Structure formats: C-alpha cells, structure tokens
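J.: Following this message is one structure expressed as structure tokens.
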Amino acid sequence: MSDQTPTSNQTPRSQIDHLLNEDRRFAPPPEFAANAIATEELYAEASADREAFWAEQARALHWHKPFTEVLDWSNPPFAQWFADGELNVAYNCLDRHVEAGNGDRVALLWEGEPGDERRVTYAELTDEVKRLANVLQGLGIGEGDRVAIYMPMIPEAVAAMLAVVRIGAIHSVVFGGFSADSLRARIDDAGAKLVITADGGYRKGKVSPLKPAVDMALSDRNGSGVQETVEHVLVVKRGENEVEWTDGRDIWWHDVVPQASADHAAKAFPAENPLFILYTSGTTGKPKGILHTSGGYLTQSAFTNKIVHDIHPETDVYWCTADIGWITGHTYVTYGPLANGATQVLYEGTPDTPHPGRWWEIVQKYGVTILYTAPTAIRSFMKIGRSVPKQFDLSSLRLLGSVGEPINPEAWMWYRKVIGGKTAPIVDTWWQTETGAIMVSALPGVTETKPGSAQVPLPGISIDVVDEDGTHVGSGNGGLLVVTEPWPSMLRGIWGDPDRFVETYWDKFRAQGYYFAGDGARLDDDGDVWFLGRVDDVMNVSGHRLSTTEIESALVAHEATAEAAVVGASDETTGQAVVAFVIIKQSYLNENSAEGLSNTLRLWVGEQIGPIARPRDVYIVGELPKTRSGKIMRRLLRDVAEGREVGDTTTLADTAVMSVISAQVK
Ligand code: WTA
C-alpha cells in the first residue's frame, strides 16, 4: 500500500538537522529536584536487574495472591507478566485507598462544560463502582464478557470502566466522537453484551447526543448477517436531550444504580486476565482491537504516572486533558492516577467553550499543579496568543507534560514560558496504545530537558533506533524505533486476530525479537531520541491516530467517488491534516460543482467515521499518481498537499500526471 521508506516520512531532512542542532538545555529547578519522586538511581537499579526492578514496582500494588514469577517470555511475542499472581484492578484503584484511611480524599474534581461541578471522593467513587458492579452482575455480565462504553467525560464514565474490570469483564471504550457505524463495527468485533452510554454530553456549548448513535448502531440488524450480541443498554442522564427507548433493552442508570447494594467484595483475578480492548487505527481499513491485561498494565501505568508526572497524592492536583476514549485517558485518567490515590480534574467539554481561556480558568479554579496535554492543544493556544492565558493565575503549575505527537521546539518553548512560568519542567512522553504506558520520557527533577526531544527510555525499558535490517544506526542517523525487551504494559494481542498481532509488530524484526513501533526516530550525540512521525499509512491528527486506508474506504463508499487517495499533510495546528484527492464519476461531475462535491465528501467522511476524520481538504482530480504496479504514490500527493515542489516522479507510470494534479489543486 505504501510507497514510503523509513527516511521519507513527514519531517523534511533540513528540519531534522535543525532539530538535532537544538542546543537549549534546562536543568531541573533545585526545589523541584529536592522533592522529586524520580531519582537518578532508578536507571542503575533497572539495568542491574530489569526483572527484579519491575517486580519491585509491581509490589507497590495490592496482590490478593503474590506472584512468584516475573516474566515468562518462553513463547515470544506472547508475554506473561506476574502470571501466577492475582489481583483486582478496581480494588487497587479504589478500596485500598479507603481502607488506608483516605476515603475522604477527592478523586475527581469534575467540571461540566456549562460550569456545573461535582467533587467525588475515593469513598464515594468506591461506593458507586460497587453498586454498579452489582447491577452489571444482575444483568448477567460475568468474567470475560465485553462491555462497550460510549460516554461523555463524566464521573460515571470512570466508574463504568472500573465496575466492568472489578467483576473480571472486559471494557471497550469507544470515543464519543465516533459515528454510529464506527461504534457498530467495534461492538460487533468485540461481541459486546452491554453498552453503557448517556443520553448526551456537552460539547461546544450544546448537547451532543450519544444514545441516538447507539440506537442507530443497534438498529436494523436483520438481514445484515450479524448476530446481535447486545442484550442491554445502560443510559446515564446527562444531556437531558430527548431519547428513544427500547423497552426491555434500555435501562436508566438512575433507576438501578443508586438503589443497588454498595456491598461488593472484589474478587481476585489472575494477572494475565484481560482488562480491556481499545480499538486503534492501523494500516488497513479495519481498526485493531488492542488487548491489554491486568497486572503488568497496572504496574507500569501506576509507576510511570508516579515518576513521570511526579504525583504527590496528598498535595497535587493533576489534570490529564485526554478523553477516556483514547489510551491516554485509560492510563493517565483512570488507571494510573487512581492506583496512585491522586486527586485529578476531569473536564467534560472543549478548551474554548464558552471562552478561549476555559482551560486556564480551570487551572486557576482548582489550583492544578500538573498538566498533561497534547502539542496540538498547545499550538492552538499559541495561535490565539499569550494574552488569553495571561488573564489567569497559573502559578500553581509545577510540571507540564506532552503526549500524542512530536512537540516542535517552538511550541515547547511557548509552553514553558507562557504556561509554565519559565520554571516548570516539561516532560515529552512517547508511547502508544500498544505500549499501554509511557516508554520514553525525561524524568522531572532528574533529566536536563531539551526542547523537541522525548529524550531517553524510562528505567526498565529498552529501545533502539535501527535500519531496515535491524542494525543499530548510531547517532545522527534516522531509522526505525524498536523496543528490544518485553515490558509489563505491552499489548498482549489484537482481539480475535493473533496473526495480525504477529505480522504487524513482530515479523519485521523477527530475527532480533524486536517490537516494531511504526515510528521513525533519530538518536543525537547525547543518545537522546527525536521522534519523526509515522513511517506507515497511519496519520496523526491532533494527536489522534487515523488510517489513510480507512478514510479512503469511507470516500469510495460514497456513490459519487470513483477513486480516492488520502495523505497526512503537515499542519501548523493539528500536526497533520487529512487531505484527500478524489476522482469523481463523470455523471456526478456534470451535475455538481467541484466545490459542492468536496463539501459533500468532507461531511460524508465525518458521518462515516466521526468528525475527527473529516478531511481538511478534498481535491477533485482527474487522475492519481501511480507506479507501474498500480500503487498510489502518496509521497507525491503529500508534496502537493504541503505546497512543495513535487519530488522524483520517475517511477510513475505516467510522469505527466503530477503537473495536471498540481494545476488542478491550485
Ligand atoms: C505518536 C498515544 C512523538 C507516535 C499515547 C506513536 C508521539 C503514536 C509521541 C501513538 C511523542 C505519541 N512524540 N510522537 N511524545 N507520543 N506519538 O496510539 O507516532 O494514540 O506511534 O497513543 O503517536 O498514538 P496512540
């Protein structure tokens, strides 16, 4: 499918060289270093005995039955961590804090978009989860059953995740911005028995309905050949929007949860019990259900949250802005911070509603000390200008984090100066849905930071940058990022597709046994890592992963489209933007304006996949650049989309086609 080679990724060479010459360095502020949880010694401890190091981190959790084995890697790439141990993930995130006397500590400082608020303590959240666990069991949900969660950012969403895993069931959270079709595909792939949703949630000043999409996803299965697996839909009332009701199937949360018993003993499950499935875009049209299990995932989530976000649970107010529909929301909203007993902000809405300073108002209101967000958000704030954050008191912030895509040095410096008051360390954290938790990052209070570089692997993590043959490339050279040793929170597979798991991540460097991440990277002379974007057909738009193929499939599913090619073009705000080149069937061309068709197709993709996948531009063209073997040369289309001179066209079947396309998109 792809004509890309590892070195022809999105970042032009000149820019990479410029990045590698970055010589600004920021030493940890002494007062931060004095109280930092991370220490330099962690690196030495981990390299002295990696497995003993992870075992020690795992023992920070509560084990109903302690493990005696650490890692079983006898059947790569199928790893088992702490396999003979037993624990309950929800118990670790809730009950044990209450039992330790911290039940009155606030777990969630929830802020609704319209400005309503709720404070939920650990004792209250524990109660709610126990009640819901009883309700779920009453609905016949048991160990290993799958539950789809399609919810706004409200406390019930976090409670839903924890109640599902408390009883040994498996959740599949589907981002609330996904369409009914995307939801349906995920429900079907996992064979979900229950959907937990809300009537709607607030987004951009109005109620964005969710229940109607669930209804649509579950409607009219007759004749589709798909066996309906969903027995019930549990609905939280949030948006107060009118919803349709299917008697017998639909249940209001408020009719069953408050009434349920709050007595629920947490049962112990084996460490390798499946915890959740999270779908993410791959290089084909079909999203992959990434499978995570319990003990190893929780160990690395809690540990990295503690040392990278420097969580002091008694004093910090932590805020990770990610939606629970993405891995960042799983690991650094639900599991990591709650396992650590942290107090965190949970915000329902968009950053600019009802005014562009909304986030900074929240930081001021709650005295947020640690902020973890995405470069795309930082860049859009940069665009609005520093006068907006300057209206708020941000002096409580002592640590800033970045995740989801490379952060360019300019955005990094702006984040430091304008948001961090020139003192707060910034941690740029690299990881993936598949890695489950942070893999590469500075340690705040320990590492001298460098704008634009994610820097070094965490203690206990081994990575390298290699060429196509798996050979270490050495400093200054570009290559592919690999993980060379198994890690506790690694994915355990792709739901229902073990072959695809092996092919996608392990076949490329089978001889060496390396995990292939799909990211291009370079090492500088200090051994710091610079991430250069994806080397496959995966785009990264506002920190969200989208597949070019998936959007192409959506485009050709429209009756007007004959052929389509999609590329991720650099975009100042969103990192990459979706740009589509579409060939329209002649009859439609005669009847419609190109502009009208472009708009129709943009909206169509939004409906098919979700608004995040909507192309920034849809260019109607007469032809697409193809090699003689018929492969679309996306590299050339990217040149056009980014307004560059078109690169080498000699391998094209018809070399004139690019000048025609260039003329057509002007
Ligand atoms: C990219 C998000 C550079 C990368 C946690 C990766 C990054 C993909 C960074 C995973 C970073 C994430 N610097 N690139 N700090 N963090 N990425 O699965 O391309 O949504 O492969 O997980 O985001 O995206 P995912």
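Throughout, read-outs are computed from the coordinates displayed, never taken from laboratory work. It should be emphasised that the depicted structure is a prediction, and the values quoted were computed from it without experimental measurement. Ideal geometry is used to build each Cβ from the backbone, glycine not excepted, and the neighbour counts take in all protein chains shown.
J.: Can you tally the net charge around Ser462? Count Lys and Arg as +1, Asp and Glu as -1, for every other residue whose Cβ sits under 15 Å from the Cβ of Ser462.
T.: Values: positive: Arg50; negative: Glu45, Asp49, Glu51, Asp464, Glu485.
Residues close to Ser462 contribute a combined charge of -4.
J.: What FRET efficiency do you get for Gln512 and Glu56 if R0 is 30 Å and r is their Cβ-Cβ distance, rounded to the nearest 0.05?
T.: Given R0 = 30 Å and the Cβ-Cβ separation, E is 0.60.
J.: Roughly speaking, what is the stretch gain from Glu31 to Glu591, that is 0.36 nm per residue apart minus the C-alpha to C-alpha distance, in nm to one decimal?
T.: Numbers: separation 560, 0.36 × 560 = 201.60 nm, distance 6.85 nm.
My answer for the length gained is 194.8 nm.
J.: Still on this model: Fewest to most neighbouring Cβ within 10 Å: what's the order for Tyr150, Tyr372, Tyr619? All intermediate terms of the calculation are to be shown ahead of the outcome.
T.: Numbers: Tyr150 27, Tyr372 24, Tyr619 19.
Ranked by crowding around the Cβ, least crowded first: Tyr619, Tyr372, Tyr150.
J.: Could you grab the relative contact order for segment 165-241? Cα pairs under 8 Å, six or more apart, rounded to a whole percent.
T.: 38 percent.
J.: I would also like to ask the following. Please enumerate, by chain and number, the lysines with C-alpha under 24 Å from the C-alpha of Lys206, excluding those fewer than 8 residues away in the same chain.
T.: Lys237, Lys365
J.: Cα extents of segment 300-398 along the three principal axes, largest first, in whole Å?
T.: Per principal axis, max minus min of the Cα coordinates gives 38, 27, 20 Å.
J.: Using Cβ contacts closer than 10 Å as the measure, can you line up Glu244, Glu156 from fewest to most? Could you put the intermediate results ahead of the total?
T.: Working: Glu244 9, Glu156 24.
In order of increasing Cβ crowding within 10 Å: Glu244, Glu156.
J.: Lys631: which aspartates and glutamates have alpha carbons under 20 Å from its alpha carbon, excluding same-chain residues fewer than 8 sequence positions away?
T.: Asp3, Asp536, Asp537, Glu550, Glu552, Glu563, Glu623, Asp639, Asp648, Asp654
J.: Something else: Would you mind checking which residues have amide H under 5 Å from Ala266's amide H? H placed 1.01 Å from N; only 5 or more apart, or other chain.
T.: It is none; the list stays empty.
J.: Just want to confirm a number: the relative contact order over segment 207-359, from Cα pairs under 8 angstrom separated by 6+ residues, in percent.
T.: Working: 145 pairs, mean separation 20.3, N = 153.
Relative contact order comes out at 13 percent.
J.: Sticking with this structure for a sec: What is the magnitude of the charge dipole of the chain about its Cα centre, with +1 placed on the Cβ of each Lys and Arg, -1 on the Cβ of each Asp and Glu, and no other charges, expressed in debye to the nearest 20?
T.: Numbers: 59 positive and 89 negative charges, 216 e Å.
I would put it at about 1040 debye.
J.: Provide the gained length on full extension for the span Asp526 to Asp49, in nm with one decimal, where the gain is 0.36 nm per separating residue minus the Cα-Cα distance.
T.: Details: separation 477, 0.36 × 477 = 171.72 nm, distance 2.40 nm.
Taking 0.36 nm per residue and subtracting the Cα distance, the gain is 169.3 nm.
J.: Please list, in order, the residues from segment 95-122 whose amide nitrogen is less than 13 Å from a point placed 7 Å along the Cα→Cβ vector of Glu314.
T.: Under cut-off, by backbone N: 102.
J.: With the convex hull built on the Cα atoms of the chain, state its orientation-averaged projected area in nm². Walk me through the numbers on the way to the answer.
T.: Values: hull surface 115.6 nm².
One quarter of the hull surface, i.e. the mean projection, equals 28.9 nm².
J.: Same structure again: Could I have the simple spin-label model distance between Glu448 and Ser395, label points 7 Å from Cα toward Cβ, reported in nm to one decimal?
T.: Going by the 7 Å Cα→Cβ label model, 3.0 nm.
J.: Separate question: Just report the Cα centroid separation between segment 347-386 and segment 578-605, whole Å.
T.: First find each Cα centre; the distance between them is then 36 Å.
J.: Grab the other residues whose beta carbon is less than 9 angstrom from that of Glu572, score K and R as +1, D and E as -1, and report the net.
T.: Details: positive: Arg379, Lys383; negative: Asp571.
Net charge in that neighbourhood comes out at +1.
J.: May I ask for the distance between the Cα centers of segment 22-81 and segment 387-432, given as a whole number of Å?
T.: First find each Cα centre; the distance between them is then 25 Å.
J.: Share of Cα-Cα pairs in segment 542-665 beyond 24 Å, in percent?
T.: Values: 1812 of 7626 pairs.
Within segment 542-665, distances greater than 24 Å cover 24 percent of Cα pairs.
J.: Need one number: % antiparallel among DSSP beta bridges in segment 542-665, to the nearest 5. Mind showing how you got there, number by number?
T.: On the way: 12 of 16 bridges.
Expressed as a percentage, antiparallel bridges in segment 542-665 total about 75.
J.: Sticking with this one: Counting only C-alpha contacts under 8 Å and six or more residues apart, can you give the relative contact order of the chain as a whole percent? Intermediate values should be presented prior to the final figure.
T.: On the way: 1464 pairs, mean separation 98.9, N = 666.
Averaging sequence separation for qualifying contacts and normalising by length gives 15 percent for the chain.
J.: For a footprinting-style exposure proxy, rank Met539, Met490 by other Cβ within 10 Å, fewest first. Intermediate values should be presented prior to the final figure.
T.: Details: Met539 27, Met490 23.
Starting with the residue having the fewest Cβ neighbours, the order is Met490, Met539.
J.: Could I ask something else about it? Could you pull out every one of the lysines with an alpha carbon less than 20 Å from that of Lys267, ignoring same-chain neighbours closer than 8 positions?
T.: Answer for Lys267, where 20 Å is the Cα cut-off: Lys65, Lys130, listed by chain and number.
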